[in-house]
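Peer 1: First the structure, then my questions, so here it is.
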């Protein structure tokens, strides 16, 4: 199979989850798509290396996390110009907004390392060893980060309400 | 259902609310191709710079070698620049010999500090340091290699006394069998002399240093 075809198939299957992982890491949707494009561009340039990687998903998530961390190092990432104002009328989405807002605020309370570990483990469904490869740390470090993150999230009152435990 | 499962389900629900279009494959491919081109240009540039540096370095070394910088002991000031740029010098016998100047006179006792082969490598082992000597007096040369005695004559001439040669038929040595530096063989190649206070350099035809002499104490 041609390398570009192989790449296209792989991207087609993972694009939505990669973008949503970037959103959960803290990107706005447009920024998330741009981040994943940058990630995939880097992977395509080195596609032979990616193909031969022991764990392709872990490799790609590693590139994604590195790109995310690099983007956060920029001096200023606040206001983003847009052609169309996002305000529009529609059905009451208060409930879903509340849920999203509660989850995102709970994630915001975590450190970047803890948040990344949580997203890769509980949304991207990577194993602890894969996360260790993706983050470039020892598996024990991943476990401790997840443990601390879960403990912190368990104390969040809004999440507790969503889980129905309060 | 434990906390991890609940969290996983919550993250799935929240993430699903983000509308995601199809992957922009054309844009990704185009960006990747541009990145590949940039990388190829950078690699080519780096290779060109490395090649220029290598060729330039080799040329510089070659220039230094041809200009007679053959031993670490040599100093640039010891070799007359004007003489180096002169393509052909008068032979020792072609013109009226002039009295050697202070910088070219060989009269006296000398210690051979360096003996250089035709390939630019030193022929004087450390064990022979200070033991190889030459004495020049009124056209006669005597000396020792540290094992055998050497003797012969020398002819010095040229406008500044900078031309010198050791006639082959007049050179000789004792014949004790031992390992010694090929002093006589190298003296046969000597054509010029230069130097300063207490130091003399005997040069080959192309002004490459053959022997470095230091005035004996």
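Peer 1: What ratio of Cα Rg to 2.2 N^0.38 Å holds for the range A:95-166?
Peer 2: Cα Rg divided by the expected 2.2 N^0.38 Å: 1.15.
Peer 1: Further question: Would you mind getting me the FRET efficiency between residue B:47 and residue A:46? Use the beta-carbon distance for r and R0 = 22 Å, nearest 0.05.
Peer 2: 0.65
Peer 1: Give the calculated FRET efficiency between residue B:9 and residue A:152 to the nearest 0.05, with a Förster radius of 22 Å applied to their Cβ-Cβ distance.
Peer 2: 0.75
Peer 1: Measuring from centroid to centroid over Cα atoms, what is the spacing of the range A:25-52 and the range A:138-156 in Å?
Peer 2: If you average the Cα positions of each part, the centres end up 26 Å apart.
Peer 1: Next up: Counting only other chains, and only Cβ atoms inside 10 Å, what mean value do you get across the residues of A:152-159?
Peer 2: Counting Cβ atoms of other protein chains within 10 Å of each residue's Cβ and averaging gives 1.
Peer 1: State, to one decimal in nm, how far the label point of residue A:138 lies from the label point of residue A:108, with both points 7 Å from Cα in the Cβ direction.
Peer 2: 3.5
Peer 1: By the gyration tensor of its Cα atoms, with a ≥ b ≥ c the square roots of the eigenvalues, what is the shape of the range A:1-76: rounded for a/c under 1.5, prolate for a/b over b/c, or oblate?
Peer 2: prolate
Peer 1: Using the beta-carbon distance between residue B:35 and residue A:161 and R0 = 41 Å, what value does 1/(1 + (r/R0)^6) give for FRET efficiency, to the nearest 0.05? Don't skip to the end; give the middle numbers.
Peer 2: On the way: r = 47 Å, r/R0 = 1.14.
Efficiency computed from Cβ-Cβ geometry: 0.30.
Peer 1: What is the extension gain from residue B:60 to residue B:197, computed as 0.36 nm multiplied by their sequence separation minus the C-alpha to C-alpha distance, in nm to one decimal?
Peer 2: So the extension gain works out to 46.4 nm.
Peer 1: Here's something else I'd like to know. Quick one: order B:189, A:101 by neighbouring beta-carbon count within 10 Å, fewest to most.
Peer 2: Ordered by Cβ neighbours within 10 Å, fewest first: A:101, B:189.
Peer 1: So, one more: Rank the residues B:136, B:151 as a footprinting-exposure proxy: fewest other Cβ atoms within 10 Å of their Cβ go first.
Peer 2: Least to most surrounded, the residues fall as B:151, B:136.
Peer 1: For the pair residue B:25/residue B:127, report the inter-label distance in nm, with labels modelled 7 Å from Cα in the Cβ direction.
Peer 2: Placing both labels 7 Å along Cα→Cβ, they lie 7.8 nm apart.
Peer 1: Output the relative contact order of the range B:116-162, whole-number percent, from Cα pairs under 8 angstrom with separation of 6+ residues.
Peer 2: RCO, the range B:116-162: 22 percent.
Peer 1: Counting pairs of Cα atoms in the range B:108-215, how many percent are more than 19 Å apart?
Peer 2: 38
Peer 1: Could I ask something else about it? Ranked by Cβ crowding within 10 angstrom, fewest neighbours first, how are B:17, B:191 ordered?
Peer 2: In order of increasing Cβ crowding within 10 Å: B:17, B:191.
Where a number appears in this text, it was derived from the coordinates with a stated rule and is not lab data. It should be emphasised that the depicted structure is a prediction, and the values quoted were computed from it without experimental measurement. Virtual Cβ from ideal backbone geometry, glycine too; neighbours counted across all protein chains shown.
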